[in-house]
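The values are calculated or read from the model by the stated rules, or taken from the named source; none is laboratory data. Just so you know, these numbers come straight off a predicted model, no measurement behind them. Cβ placement follows ideal geometry from the backbone for every residue including glycine, while neighbour counts extend to all protein chains displayed. Side chains included, ligands, DNA and RNA excluded: accessible areas come from the protein's heavy atoms. Shrake-Rupley method; radii C 1.70, N 1.55, O 1.52, S 1.80 Å.
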Amino acid sequence: MNYWLMKSEPITYGIGHLEKEKQCIWDGVRNYQARNFLRMMQVGDLAFFYHSNIQPPGIVGLMKIIESNLDDPSQFDPNSRYYDPSSNPQNPRWQTVRVELVEIFSTMITLEKLKQNFTQDKLMVIKKGNRLSVTPVEQEIAQVILSWRS
DNA sequence: GCCAACGTTGGC
DNA sequence: GCCAACGTTGGC
């Protein structure tokens, strides 16, 4: 079982949205490196939900992967902002996963706290200039983060 | 709102 | 296949 971190802007889709929906397809990732991580995810993996582009940014909850290796439906939807006209339906370019909400943390684990406790090479999300919206999290680091829940 | 970092596109 | 131009991300 592996741990991941997935970013979303709360204005677009925050953990409150997931709380209402209970589960969702994590669509709209249009970066090959992030997609490759999505392809590696397996049912039962856990993922931290990270709010980006907000003050303060940080981890707000935990999700579970409940379906893996799905073709992202938004790539074929001309009305979607994630529509990719050059993706071939016979060989879709973008895959993703379905997630369900496990829990919302009572207090956010801020980016600042992550930076104070981990080094850049141990946790991708705190790397300067890192823009990947899907990244792996090492077991030991995941355990430490989970132990901070109050 | 700014802008550094970085990914993608497209002309050559 | 190079690389300049451009677009996007996301912390601040």
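Would you please calculate the Kirkwood hydrodynamic radius of segment A:11-150 over all C-alpha pairs and express it in Å, rounded to one decimal? Radius from the Kirkwood sum: 16.0 Å. Here the sum of -39500 (n - 2.57) over DSSP H runs of 4 or more residues, divided by the residues of chain A, equals -6000 deg cm²/dmol at 222 nm, to the nearest 500. Scalar couplings 3J(HN,Hα) for segment A:120-127, obtained by applying the Karplus form with A = 6.51, B = -1.76, C = 1.60 to θ = phi - 60°, are 4, 7, 8, 9, 4, 5, 8, 5 Hz; x denotes Gly and Pro.
In this structure, the pairs whose alpha-carbon distance is over 18 Å, taken from A:K22/A:K115; A:K64/A:K122; A:K22/A:K113; A:K20/A:K64; A:K64/A:K113; A:K22/A:K64, are A:K22/A:K115; A:K64/A:K122; A:K22/A:K113; A:K64/A:K113. Using a cutoff of 8 angstrom between alpha carbon atoms and counting only pairs six or more residues apart, the relative contact order for chain A works out to 31 percent. Each label was represented as a point 7 Å from its Cα along the Cα-to-Cβ direction; for A:E19 and A:Q55 these points are 2.3 nm apart.
The residues packed around A:L46, meaning those with a beta-carbon under 15 Å from its beta-carbon, carry a net charge of -3 if Lys and Arg are +1 and Asp and Glu are -1. To the nearest 0.05, how large is the calculated FRET efficiency for A:V102 and A:K127 if R₀ is 25 Å and r is the Cβ-Cβ distance? Computed FRET efficiency for A:V102 and A:K127: 0.45. Per residue, chain A exposes 55 Å² of accessible surface when a 1.4 Å probe is rolled over the protein heavy atoms with every protein chain present. Where nothing but the Cβ of Lys and Arg (+1) and of Asp and Glu (-1) is charged, how large is the charge dipole of chain A around its Cα centre, in debye to the nearest 20? Value, rounded to 20: 400 debye. Peptides A:7-13, A:96-102, A:77-83, ordered by how many other C-beta atoms sit within 10 Å of their residues on average, highest first, read A:96-102, A:7-13, A:77-83. Summing Cβ point charges (Lys, Arg +1; Asp, Glu -1) relative to the Cα centre of segment A:95-150 gives a dipole of roughly 240 debye. Placing R0 at 25 angstrom, the Cβ-Cβ distance between A:M1 and A:Q120 gives a FRET efficiency of 0.50 after rounding to 0.05. Distance from the alpha carbon centroid of segment A:39-88 to that of segment A:1-16 works out to 8 angstrom.
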